[in-house]
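A quick write-up on the structure given underneath.
The values are calculated or read from the model by the stated rules, or taken from the named source; none is laboratory data. Since the structure is predicted, the reported quantities are computational estimates derived from the model, not experimental observations. Cβ placement follows ideal geometry from the backbone for every residue including glycine, while neighbour counts extend to all protein chains displayed. To get the accessible areas, we keep the full protein, side chains included, count just its heavy atoms, and leave off ligands, DNA and RNA. Shrake-Rupley method; radii C 1.70, N 1.55, O 1.52, S 1.80 Å.
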Amino acid sequence: MTSMLEPVSTRVLPPLQIGPITVGTPVVLAPMAGVTNRAFRTLCREAGRATGFDPGLYVAEMVTSRALVERNVEALRIVTFGEDESPRSAQVYGVDPATVGAAVRIIASEDRADHVDLNFGCPVPKVTRKGGGSALPWKKQLFTDIVRAAVDAAEPYGVPVTVKMRKGIDDDHLTYLDAGRTAESLGVAAVALHARTAAEHYSGTADWTAIARLKEAVTTVPVLGNGDVWAAEDALRMVRETGADGVVVGRGCQGRPWLFADLAAAFNGSDQRVRPGLREVAETIYRHGELMIDYYDGDESKGMRDLRKHMAWYLKGYAVGGETRRALAMVSTLVELREHLDALDLTLGYPGADAEGPRGRAGSPKKPHLPYGWLDSRELDAEFEAKLREAELSVSGG
């Protein structure tokens, strides 16, 4: 979607070092449930590579530790990577140290990924009400035990472990500085902060000053910033204002895999940006559909159902009409997809600001759902420990 650029020497930041892994462009695709499967990662990586620069690090959607240990078919699919994916990056979610350790050991010992990230950022009520996700770091010893189990399981295989988290439960119960220092002391290779609390969910404006504070607190491993990176210019501003060693991009790339071309160019000193017309967008959607079917082992129906959620993101700002949008959001075959795409006015150019900015559901602040008495102490009692095991659900976010 963009031509190769001439390499330049005006890097904004040095390469990102994640343990033994060197990432030339310090940009990470955030794991997003139902979004960052192999098909979408392929599109993002191809866009980044087309610039001629290192495209960054692309993390698979989260897999629950229990599902992986139980050899669930879908869990194993999530940690199956394409031949051209390097480095391979997986994210694990869990609330039981032994189960998380076992899951990470499977990934590392079976050479399923080169890097493992731990999710402590999920704000979904059905997880936090049982003490999981972004609620978990409040219990300091449990957080410590999970991170230690993961690092110890990965270490013999040379696989680096990183941590992604939120600021805390709410503004009165912040955990990110303690959690960052603890993770650093336990040997993680990097920490990433989504600069919102669980209570904020995805609403409002990310608090980039928290990223700066975390950078001051964690000094021996990279600190990555996440939240409100909608364009390459946002990423540059984030690292300039916070001192972060790199950025993690989530909702900003939904329906815009070419954002990684912009990011690769920007971090390597180029002002080239991708501004696709509708024909290019349609080509990307169709290729996404083909990749989805391949991801689901030729199951066209399943691939098309999974593609539907992406349509509104891809078409944001383009004048295609409500009826066409609804039709594309209901496609069931590749032939049907081709017919609807060919019926578009493919001469339409890039719509400018209407196609940019925030995307995805921001929602509104929500009172966190927590176990009764969860905030009374930062220690975990036996009753809560038993309940936590119920939080290992097939959900993600953060």
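Observations, loosely collected:
- Measuring nothing but how far apart in sequence close Cα pairs (under 8 Å, 6+ apart) lie, relative to its length, the chain scores a relative contact order of 21 percent.
- Entry comment: accessible area of the stretch 120-169 is 28 Å² per residue, from protein heavy atoms only and a probe of 1.4 Å.
- Shown is the FRET efficiency for ALA362 and THR10, computed with R0 = 30 Å from the Cβ-Cβ distance and rounded to the nearest 0.05: 0.30.
- Taking the stretch 280-315 and a reference point 7 angstrom along Cα→Cβ of SER332, the backbone N atoms nearer than 18 Å belong to 293, 299-309.
- Between ARG71 and ASP172, full extension at 0.36 nm per residue minus the direct alpha carbon distance yields a gain of 32.4 nm.
- The alpha-carbon atoms of the stretch 146-278 define a convex hull whose volume equals 130 cubic angstrom per residue.
- Per-residue [θ]222 nm for the chain (sum of -39500 (n - 2.57) over DSSP H runs n ≥ 4, rounded to 500): -10500 deg cm²/dmol
- Low-density loop cleavage sites - trypsin sites (Lys or Arg not before Pro) in the stretch 324-373, where at most 16 other Cβ are within 10 Å (DSSP): ARG361, LYS366
- Taking a straight line from the alpha carbon of LYS126, these lysines sit under 27 Å away, with near neighbours fewer than eight places off in the same chain left out: LYS139, LYS140, LYS164, LYS167, LYS302, LYS309, LYS366, LYS367, LYS387.
- For the chain, carbon and sulfur atoms together expose 50% of the accessible surface, with a 1.4 angstrom probe and every protein chain in place.
- D (Stokes-Einstein, µm²/s), Kirkwood Cα radius, the stretch 168-213, 0.692 mPa s at 37 °C: 290 µm²/s
- Only Lys, Arg, Asp and Glu carry charge here, each on its Cβ (+1 for the first two, -1 for the last two); on that basis the chain has a dipole of about 660 debye about its Cα centre.
- For the stretch 124-227, the relative contact order is 25 percent, taking Cα pairs closer than 8 Å that sit 6 or more residues apart in sequence and dividing their mean separation by the residue count.
- Structure-derived semi-axes √(5λ) of the Cα gyration tensor in Å: which label, when the choices are (1) 33, 23, 21; (2) 37, 26, 17; (3) 64, 40, 22: (1)
- In percent, rounded to a whole number, the relative contact order of the stretch 230-351 is 26, using alpha-carbon pairs under 8 Å and six or more apart.
- Here the chain carries DSSP beta bridges of which approximately 15% are antiparallel, counting only pairs with both residues inside.
- Of the Cα atoms belonging to the stretch 263-377, the radius of gyration and Dmax stand at 18.8, 61 Å.
- Ordering of 195-205, 214-224, 22-32 by burial proxy (mean other Cβ atoms within 10 Å per residue, highest first): 22-32, 195-205, 214-224
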